[in-house]
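**Student:** Once you've had a glance at the structure underneath, I'll fire off some questions.
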Amino acid sequence: MSIKIDSRTDALIMVDVQRDFCPGGALPVPEGDQVVPAINRVLGLASWLSVATRDWHPPDHCSFKARGGIWPVHCVAETSGAAFHPGLDAKKMRRIVSKATMKQAEAYSGFQGTELAGFLKGRGIRRVFVCGLATDYCVKATALDAKRAGFDVIILEDAIRGVEVHPGDCRKAVEEMQAAGIGSTKTTDLAV
Ligand SMILES: [Zn+2]
């Protein structure tokens, strides 16, 4: 069943489609780059509000192993690894939201410590479509926070990929989002 995009009240949130999260990067998500063609297709479907979040860490961020965190060094602000995937249609991004920019605080969600909720509400947005990386971390956290902030939320299931630190993490993340009332669809089912 197709879902009709209303460019006045719908927005697209692209979570962390950055080089370090793609194959060859510092913290690669398997097949992470494969979300790019699907995202470009939905970016071009309508003239709608699109927001790209990005991990934008200081070099000594608390999530890094050297600082007691669980991740290798990744997405350090202003480095090539923190850049968006070069295949992403960057000129169609209307807004970039940087997160986890302070060394003491981790932020998986694009809403955590940012102005994203107020920005979207100020533009009259009521529903958000969420895609990007990684399903079991930043996509999940961003989608759940969007729901808590009062938006209707739909995951684009063919435009997300997960890390799977533990097998089954992606499936659990999807179930958790569904339990929170978040819908899902495929990019090929979006229409204008
Ligand atoms: Zn990070």
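Quick note: the coordinates plus some simple rules give every number you see, no bench work behind them. Being a predicted model, the structure only gives us computed values, none of them experimental. Cβ atoms come from the backbone with ideal geometry, glycine included; neighbour counts cover every protein chain shown.
**Student:** Fully extended, how many nm does the chain gain between THR101 and GLN34 (0.36 nm per residue separation, minus their Cα-Cα distance)?
**Tutor:** Residue separation times 0.36 nm, minus the Cα-Cα distance, leaves 21.5 nm.
**Student:** How many angstrom lie between the Cα centre of the stretch 102-124 and the Cα centre of the stretch 42-84?
**Tutor:** The distance from the Cα centre of the stretch 102-124 to that of the stretch 42-84 comes to 14 Å.
**Student:** I need the shape label for the stretch 86-127. Rule: rounded when a/c is under 1.5, else prolate if a/b > b/c, else oblate, with a, b, c from the alpha carbon gyration tensor.
**Tutor:** Judged from the Cα gyration tensor, the stretch 86-127 comes out oblate (a/c at least 1.5, b/c at or above a/b).
**Student:** In what order do ASP33, ASP20 fall by count of nearby beta-carbon atoms within 10 Å, going from fewest to most?
**Tutor:** Listed from fewest to most nearby Cβ atoms, that is ASP33, ASP20.
**Student:** Can you list the HN-Hα couplings for the stretch 3-14, worked out from phi with the Karplus curve (6.51, -1.76, 1.60; θ = phi - 60°), rounded to whole Hz and with x for Gly and Pro?
**Tutor:** 10, 8, 7, 10, 5, 7, 10, 9, 9, 9, 10, 9
**Student:** By how many nm would the segment from MET93 to ARG123 lengthen if fully extended, with 0.36 nm per residue of separation less the alpha-carbon distance?
**Tutor:** 9.3 nm
**Student:** Further question: Looking at the square roots a ≥ b ≥ c of the eigenvalues of the Cα gyration tensor of the stretch 128-192, which shape do they give, rounded for a/c under 1.5, prolate if a/b is larger than b/c, or oblate?
**Tutor:** Oblate.
**Student:** What full-extension length gain, to one decimal in nm, is calculated for VAL165 and ARG41 as 0.36 nm per residue of separation minus the Cα-Cα distance?
**Tutor:** Residue separation times 0.36 nm, minus the Cα-Cα distance, leaves 41.7 nm.
**Student:** Taking +1 at the Cβ of each Lys and Arg and -1 at the Cβ of each Asp and Glu, which of GLY122, THR185, GLY32 sits farthest along the dipole of the chain towards its positive end, judged by Cα position relative to the Cα centre?
**Tutor:** Selected residue: GLY122.
**Student:** Another question, then. Cut-off is 10 Å between beta-carbons; in what order do MET1, MET177, MET102, MET93 appear when sorted fewest neighbours first?
**Tutor:** Sorted ascending by nearby Cβ count, the order is MET1, MET102, MET93, MET177.
**Student:** Can you give the helix-only mean residue ellipticity at 222 nm for the chain, where every DSSP H stretch with n ≥ 4 adds -39500 (n - 2.57) and the sum goes over all residues, rounded to the nearest 500 deg cm²/dmol?
**Tutor:** -5500 deg cm²/dmol
**Student:** Report ³J(HN,Hα) in whole Hz for each residue of the stretch 121-132, in order, from the Karplus equation J = 6.51 cos²θ - 1.76 cosθ + 1.60 where θ = phi - 60°; Gly and Pro get x.
**Tutor:** 5, x, 8, x, 6, 10, 10, 10, 9, 10, 9, x
**Student:** For the stretch 33-186, rounded, prolate or oblate, judged on the Cα gyration tensor with a ≥ b ≥ c (square roots of eigenvalues), a/c < 1.5 rounded, else prolate if a/b > b/c?
**Tutor:** Rounded shape, in that the Cα axes give a/c under 1.5.
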